[in-house]
Amino acid sequence: MFTLQKIFADGALFQANAALEIRGKAGAGAEITGVITKNGETVYRTAAAADGEGQFLLTLQTPEASFAPCEITLTCSCGAEYIMHDILFGELWLASGQSNMELPNAFMTDQQKLYDEIRDFNIRVYDVPPLNCGDAFPFDPNPMQNGFWVRADDADKLRNVSAMGLKFSAELYSWLNRNAEVPVGFLNASYGGTPILAWLPKDAVDADQKMKDIFGKFGKYPTPETWNTCGDVNFQQGCCQYNAKIAPLEGVKVRGVIWYQGENETGGEFWHRTYADSLRFYHKTYAERFGAEPDSFMMVSSLIYPWTYGGSGECNVGYINNAFIETALEAPEKFIAVPICDLPPSWACVQGNHPIHPTNKYPLAVRTASLVLDNVYGRSDGQLSPAFLKSWSAEGGRIHLEFDSVGFGLYLDGTHPIGLYVAGDDNIYLPAECEISADGCSMDVWCDAIPEPKNAAYSIQSLEPCCNIWGGLYPLYPFYTDKVNYINIEARPWYDTSRTAMWGSRLRGDILDLFYRPVWHPDCGSEVCPDTAFTLEGQSIRVAPEDGESADFGCYIKSYPYNKLDLQKFGKLSVNLYHTGELAACLFIEWNGGGTDICLNRTETLTGGWARYEAVLTGIPEDAEIRKVTFSFHQEKGALRFVNLEKVRLWK
């Protein structure tokens with residue numbers, strides 16, 4: 001009788017042209033013969049001897065990819081036989097990480113469309129069900145953990161596997177099967193809320209003093225005395241996920257891993273070098289153990305979506321994303337980082353609209369597959385990497401940025417950059433303007449309120465999705481030029497009046513909900529709407545009394561957690577206003593425990609009926625938590641009472 005890992009079963013899909021290692025147990029000292037057959041013909045035959053305890057390792061050289069089903073037969077000199085039926089050989093990937101990789105198809109609004117698309121595809125998924133978070137995890141690797149193969153026509157089971165993994169496989173399949181027969185599959189092995197250290201094998205850690213020190217520094221090194229003493233967070237123990245979810249896959253070879261993890265590491269020292277070191281170690285270890293071709297094993301990592309991961313309460317995704325980008329740029333033959341910051345947020349109502357789990361997994365998987373097809377499978381779309389910052393310099397009130405891998409060139413997906421900032425010596429970042437060079441390889445960035453900018457940043461440390469700078473086929477990689485100071489950026493969406501919605505969070509007791517909210521709110525008795533009829537730069541905000549006759553009306557902007565109105569750091573506020581005849585305007589700045597009125601004074605006449613107004617920001621306590629800023633207008637005369645506002649700016 002044979003004892004084998006559950007993955008060696010009917011309906012399996014294994015990597016083609018690879019060494020498949022079948023570990024098992026049979027009779028002590030017995031000879032084990034392994035044969036791959038297709039259409040009754042022997043494709044490969046080998047034999048191995050079991051040791052004194054009956055343990056054996058049989059290495060089979062798998063054939064070319066094909067839709068023709070094969071059989072793998074194991075026979076023992078003791079008389080036992082085991083046959084695996086309906087075996088396919090093709091391209092196999094590991095899909096692993098934490099909850100955003102784990103997020104299943106069941107939460108995708110267009111899941112049925114994907115099921116219909118792949119129903120007849122030769123796609124197969126091996127699912128390793130998780131232990132419960134507080135369960136006792138095995139201290140040693142457990143290759144006998146349960147699992148099962150899922151076919152592409154089994155929608156009921158596909159509902160519970162990774163949405164990212166399934167869509168990624170479908171994209172690979174569609175391209176690889178244009179002129180050939182190439183089955184595609186993935187190993188579904190993720191677990192929500194897990195750090196990267198949980199996915200590393202202890203024997204490899206013990207053989208690497210640097211990683212062993214990292215485990216010790218963060219209290220993750222596993223010892224028998226402390227094992228399974230963490231209660232509901234046993235699932236976060238160092239090495240525990242390798243033992244429970246990866247060990248059952250040992251012996252199976254894959255082309256690479258798609259990885260969506262890092263939310264657990266957005267605090268402390270992981271911001272800097274430690275996470276990148278962990279990525280390098282993960283790649284080295286998995287390439288050696290699971291790589292069909294270890295020298296070309298590819299680790300493809302999604303960047304982390306903007307959110308307040310980590311215990312610090314700040315939006316620290318920039319540093320962890322930088323680790324992914326750093327490894328991708330230093331070793332593009334090993335790592336790919338997939339940008340995500342342009343994707344609009346989309347929540348799963350059946351999951352309580354949890355903002356840590358955006359449901360934009362299918363678009364992200366399409367992008368991931370596109371990069372894999374070019375880098376791994378030789379498709380040539382002419383761009384192997386998203387555009388990245390190559391060099392920069394500050395001069396003449398601007399910062400000049402040079403980029404590489406720009407494809408057909410840099411461009412904005414919109415009229416104004418979103419997520420682009422500059423800062424002066426004080427490390428306070430403000431939204432920046434940009435000018436892209438004619439060749440599309442560089443841009444100059446600046447902010448009128450910062451005469452001598454020292455640093456620039458894009459899509460980092462700001463709770464802001466939908467960033468909109470692209471380089472060719474892909475969104476621009478996030479970047480920051482200040483490698484010394486800690487960076488925290490308030491988004492200030494009200495700088496751009498073409499933006500009428502923002503990603504704002506609100507605290508409700510212990511719950512922080514995060515959804516789109518209006519940038520501009522009407523004051524009592526007023527109405528607010530975007531206006532493209534009266535504008536200097538494309539769109540303004542029109543403010544009017546609801547009854548059309550009242551002399552007093554206004555609008556306001558609100559502060560949200562991680563999107564603060566820190567006006568006390570600035571000397572003045574300016575705004576462009578339209579329809580200003582007989583107009584009196586002022587600001588009311590409200591904070592915890594107080595507030596102040598500040599006059600908006602006309603300082604400059606602009607073209608087309610517009611004028612510039614300014615308010616000197618005085619009387620605001622340094623420690624004030626400003627809740628809202630109201631723009632109040634008084635207009636006695638005129639048949640039509642309204643004001644348009646545009647280009648609100650803060651100045652030092």
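The values are calculated or read from the model by the stated rules, or taken from the named source; none is laboratory data. As the structure is a computational prediction, the values presented were derived from the model and not from experiment. Please note: Cβ atoms are built from the backbone with ideal geometry, for glycine as well, and neighbour counts cover all protein chains shown. Quick note on the areas: whole protein, heavy atoms, side chains included, nothing else; ligands and nucleic acids left out. Shrake-Rupley method; radii C 1.70, N 1.55, O 1.52, S 1.80 Å.
Mind listing which chymotrypsin sites (Phe, Trp or Tyr not before Pro) in segment 417-508 are in a DSSP loop and have 16 or fewer other Cβ atoms within 10 Å?
Y486
Estimated from helical segments only, the mean residue ellipticity of the chain at 222 nm is -4000 deg cm²/dmol, where each DSSP H run of four or more residues counts as -39500 (n - 2.57).
Restriction of the trypsin sites (Lys or Arg not before Pro) in segment 429-514 to DSSP coil positions whose beta-carbon has at most 13 other beta-carbons within 10 angstrom yields K483. Given R0 = 45 Å, the distance between the Cβ atoms of Q55 and D513 translates into a calculated FRET efficiency of 0.25.
Heavy atoms only, probe 1.4 Å: what % of the accessible area of segment 22-172 goes to carbon and sulfur, would you let me know? Solvent-exposed carbon and sulfur of segment 22-172 make up 45 percent of the total. Only Cα sites of segment 451-533 enter the Debye sum here, all with the same form factor; the resulting log10 I(q)/I(0) across q = 0.13, 0.16 1/Å is -0.63, -0.88, listed in q order. Using C-alpha pairs below 8 Å separated by at least 6 residues, the relative contact order for segment 183-253 is 44 percent. Rolling a 1.4 Å probe over the heavy atoms of the protein chains gives the chain an accessible area of 39 Å² per residue. From zero outward in steps of 10 Å, how is the percent of C-alpha pairs of segment 409-567 spread across the bins? Histogramming segment 409-567 at 10 Å steps yields 10, 32, 34, 18, 5, 0 percent. Taking Cβ atoms as reference points and 13 Å as the exclusive limit, the residues near S190 contribute a net charge of -1, counting Lys and Arg as +1 and Asp and Glu as -1. Extending 7 Å from Cα along the Cβ direction at R119 and again at T226 yields two label points whose distance is 5.3 nm. Along the chain, the longest continuous region that contains none of the GluC sites (Glu not before Pro) in a DSSP loop with at most 16 other C-beta atoms within 10 Å is 334-536.
Taking every full run of DSSP H in the chain, the ones that stretch at least 15 Å from end to end by Cα along their long axis and average -0.5 or higher on the Kyte-Doolittle scale are 163-176, 317-330, 361-375.
Counting Lys and Arg as +1 and Asp and Glu as -1, each charge on the Cβ, what is the dipole of the chain about the Cα centre in debye, to the nearest 20? The partial results should precede the final answer.
Values: 52 positive and 82 negative charges, 71 e Å.
It works out to roughly 340 debye.
The ellipsoid equivalent to the alpha-carbon distribution of the chain has semi-axes of 56, 24, 22 angstrom, derived from the gyration tensor eigenvalues as √(5λ) and listed largest first. Within the same chain, lysines fewer than 8 places from K202 are excluded, and of the rest, those with a Cα less than 29 Å from its Cα are K6, K25, K210, K212, K217, K220, K245, K253, K284, K334. Express in whole angstrom the spacing between the alpha-carbon centres of segment 493-548 and segment 12-81. About 66 Å separates the Cα centre of segment 493-548 from the one of segment 12-81. Size descriptors for segment 25-109, from the alpha-carbon set: Rg then Dmax equal 17.6, 55 Å. Of the heavy-atom accessible surface of segment 235-341 (probe 1.4 angstrom), what whole percent is carbon and sulfur? That share works out to 48 percent. Quick one: net charge around R119, please, counting Lys, Arg +1 and Asp, Glu -1 for every other residue with C-beta under 12 Å from its C-beta. Neighbour charge sum, excluding R119 itself: -3. Taking the charge dipole of the chain about its Cα centre, with +1 at Lys and Arg Cβ atoms and -1 at Asp and Glu Cβ atoms, the residue from G34, A106, Y411 reaching farthest to the positive side is G34.
Dipole magnitude for segment 218-362: about 320 debye, using +1 per Lys or Arg Cβ and -1 per Asp or Glu Cβ, origin at the Cα centre. Loop-located chymotrypsin sites (Phe, Trp or Tyr not before Pro) across segment 516-598 with a Cβ neighbour count of 14 or fewer within 10 Å are lacking, with loop assigned by DSSP. Contact order for the chain, expressed relative to its length and based on alpha carbon pairs under 8 Å spaced 6+ residues apart, stands at 9 percent. Along the axis of the charge dipole computed for the chain (Cβ charges of +1 for Lys and Arg, -1 for Asp and Glu, origin at the Cα centre), the listed residues Y578, F148, I196 are led at the positive end by F148.
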